[in-house]
Each structure stands twice: as structure tokens, then as C-alpha cells.
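For reference, the structure is listed below as C-alpha cells.
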């Protein structure tokens, strides 16, 4: 993995962005701390000067104002370590005591630069006018404040440098981790593009956003593989099941072309050919219908269908055909059952199930059509007392063109149950086969909000 590619990743840029925000936050924090610390230190120096002036006044009050020069000298010796500054002038402006040269008598706080111990220092001071007209200046060096500012600036500078230096490797590590997982998805996609539809994106079980993405991609690939498998199977079934009727159609036409001698024979050949062509076209129409329903996937209902009325009407329509075959078709439907869905598709679903039951059960069989509410859901059920379907064949009969050996001679294309399965999936319903003992029971379970 090239570092240039790593540095161009979104995760690395995001890490640098977070580092920039953090550095900006540190700068703001530094400004706040610096302002509060220096303000506190300056106020502390101001308070210390006021306390020193109060102490000098107290001592002068006890010893007498005449002792003021001596008091100042004593304080100079005691506070030499903090580079204290004093200046006492009489009413005429003449210097009486102190360790700095005479200067203009300014009352109040001030910042001055004075020579001390052979060096120039910044001094915070305050001038006072005494009761007898003298002028007293008290101050001290601000080197402590200056050192504190340097320490704060150095600490934050080092912190910013460390933050910046860590941002790059941390961003690279984060980017490399993310890029590895993205690369896994890319490799899987490339393998699938090369034809390996069984490949899947691995998950780590961390349930993070990458695992969620992998799960979504794998679900999509499962669906694609299922659709491709269905298309492949349908193609094979079409080639296998339609080859025979097309071959027969060609043979009949070829025979009529070679052997047909009368108009009646040619007319008969044409009629059989047209009927055979209609059957093939009907099969292709059913395939197209299944493909259209399957491609649309589960979708919103077109309206609310009165299931009770729908089933009753279908049973009434098919009852004569069942009677002609010696069968009994009955309905056991609760009144007032409604279902959100496509009325045309739901009609096709029930019609296919009832038609299958009639065609594949012998005379004397009983066929029932039921609808009822089960745990808040709706169950449509078509049951018969015919030979049924072996349990091992339940999943196979949903495939297009698949027919049981016992049904090979029965009229039909083998697409009825495939169409039922597609319509059930369109309505997010579950198709369930069960043994009716004897016969077959087919249930379609619709969710409450299909």
C-alpha cells in the first residue's frame, strides 16, 4: 500500500481535520489560561504592593514619621530577594530614601523601567501622597510574572507540537485500518465481476459501520446470486421444456408441407400449429409476468381488497368445472376480511391455486378455500384431498417448468406455482406447504400491513 494513496484517503484527511480542530481548541484554551493567569499574577503583585505600603504606614505610625527613611531602608534589606523598589521624597521633591533615582511624582499604579543590580527591570509600582506632603513610591520586579508567561507559552507550544506530530501517524494508522477494510470490499467486488458470485465480504463481529456495510453488501449479493440462479434455471428450463413443443410444431408443419395433399389436411395442420403456438405464447406470457413481479420486489399496495368477496367469487366461478370432474369445491371464508394489496395479482394467486387443485386431484376429491385471521395476520389457504406432493418436492415445485413425474401427462406448463410464489413475495407474504392427510394444503400468510 503506497503512502501517497494512504494520505489521500478520507479517513486520513478526517484525522487531520480533527487534529486541526483540536489544535485550534488548544490555542483558545491557551489564550484563556494565559489571560487568567497573567491577570491573577498582576493582581497579586498589586495586592502585595498595597500590603507593603500599609505595613510601612503602620510602622511609621508607631515609630513616628521621622523614622520613615529608616523604615524604608529596613524593608529594602528584607525584600531584596524580590527586587523591591522604594523612593521617598520630601514635600520639596528632594529624595530622602530609596534605591532608585528621583523621578516625577506620579500618584497611582504604573509600570516603570529602572536599573537594579546593574540591569534594567520592568517594575510594577504605585505612587502615594503622604499626609505631610512627602511622596512615596513602592514597587517590585515583575520577573515572576514574566517567567510564568514563558512557562505557560512553552508548555502549550510543546503540547501543540506533540499534537501535530501525533496527528500524522495516528491519521495514517486510522486510514490504513479503514483502507484495509475498504480494500476487502473492493477485492470482493472484483472477484464477483470476474464471475465468482459466491464471494462475500467478511465481517469481524464488531457490529460497527463496516460490519453493517458488509452485511448490506452480502445481502445484496445473496439477492443477486439468487436472481442469477433463477435466470439460469429458467433459461435451462425454457430450453428443455419449450424445445419439445417447438420441435413438434416444426415436425407438424414439415409433415404438412411434404405430405399434405388436400385442403382439409392442410387446414387441420394449421389449426394444430396455431393451437401449439398459442400454448407457447401463453407460456412466454406467464414467464414474463413472473419476471415482472419478481423484478418489482415487495412494494406498496394498490388498494384494499375485500378478500371474503374475492374468494367467494372465485369459488363460484370454478364450482361448475369441479363438478364436471366429480369434485367438490367449497369455501370457508370469514366475512368482512380485507387485505391491502394488488387485487389483480391476488386474484391470479388464488385462481392458480384452485386451478392446480382441480387439475391434479381425482374425482371424488374435496377442495376447500379458506381465509382467516391468525395472530393479527391473514391466512389464505387452499386444501385438497388428492394425492398431494411429497415433502421432498415442496421447494422444487416452485421452480419454473418443474413438474412431478405423476403430472407429466397433465395439461399445463409448470408455471402456476412459480407465479403464486412471485405474487406472494410481491406482497411480503410467506408461502407454506403442508400435508393435508390426505392431500396438500397450501397456505399464504400475509402480514398485518402487507
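Quick look at the values:
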read-out: Residue satisfying all of: in the stretch 362-380; part of a strand (DSSP E or B) and surrounded by fewer than 21 Cβ atoms within 10 Å (Cβ to Cβ); nearest to the chain's Cα centre (by Cα) among these; value: 377
read-out: Of residues in the stretch 201-220 being loosely packed, with under 14 Cβ neighbours inside 10 Å and assigned to a loop (DSSP other than H, G, I, E, B), the one modelled with the highest pLDDT; value: 202
read-out: Given (1) within 22 Å of residue 77 (Cα to Cα); (2) in a loop (DSSP other than H, G, I, E, B), index of the condition residue 92 fails; value: (1)
read-out: Residue among 192, 224, 162 that alone is assigned to a helix (DSSP H, G or I) and within 26 Å of residue 17 (Cα to Cα); value: 162
read-out: Evaluation of residue 401 against (1) under 44 Å from the mean Cα position of the chain (by Cα); (2) assigned to a helix (DSSP H, G or I); (3) at pLDDT below 85 (one fails), failing number; value: (2)
read-out: Filter pass, residue 42 being without any contact (Cβ under 8 Å) to a residue 60 or more places away in the chain, in contact with a helix residue (DSSP H, G or I) (Cβ under 7 Å, 6 or more places away or on another chain), within 25 Å of residue 120 (Cβ to Cβ) and surrounded by 12 or more Cβ atoms within 10 Å (Cβ to Cβ); value: no
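Yes/no per residue for (1) over 30 Å from residue 33 (Cα atoms); (2) surrounded by 14 or more Cβ atoms within 10 Å (Cβ to Cβ):
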{"residue": "79", "(1), (2)": "no, yes"}
{"residue": "126", "(1), (2)": "no, yes"}
{"residue": "136", "(1), (2)": "yes, yes"}
{"residue": "157", "(1), (2)": "no, no"}
{"residue": "166", "(1), (2)": "no, no"}
{"residue": "170", "(1), (2)": "no, yes"}
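The values are calculated or read from the model by the stated rules, or taken from the named source; none is laboratory data. Just so we're clear, the structure is a prediction, and the values are computed from it rather than from any experiment. Positions of Cβ are generated from backbone atoms using ideal geometry, with glycine treated the same way; all protein chains shown enter the neighbour counts.
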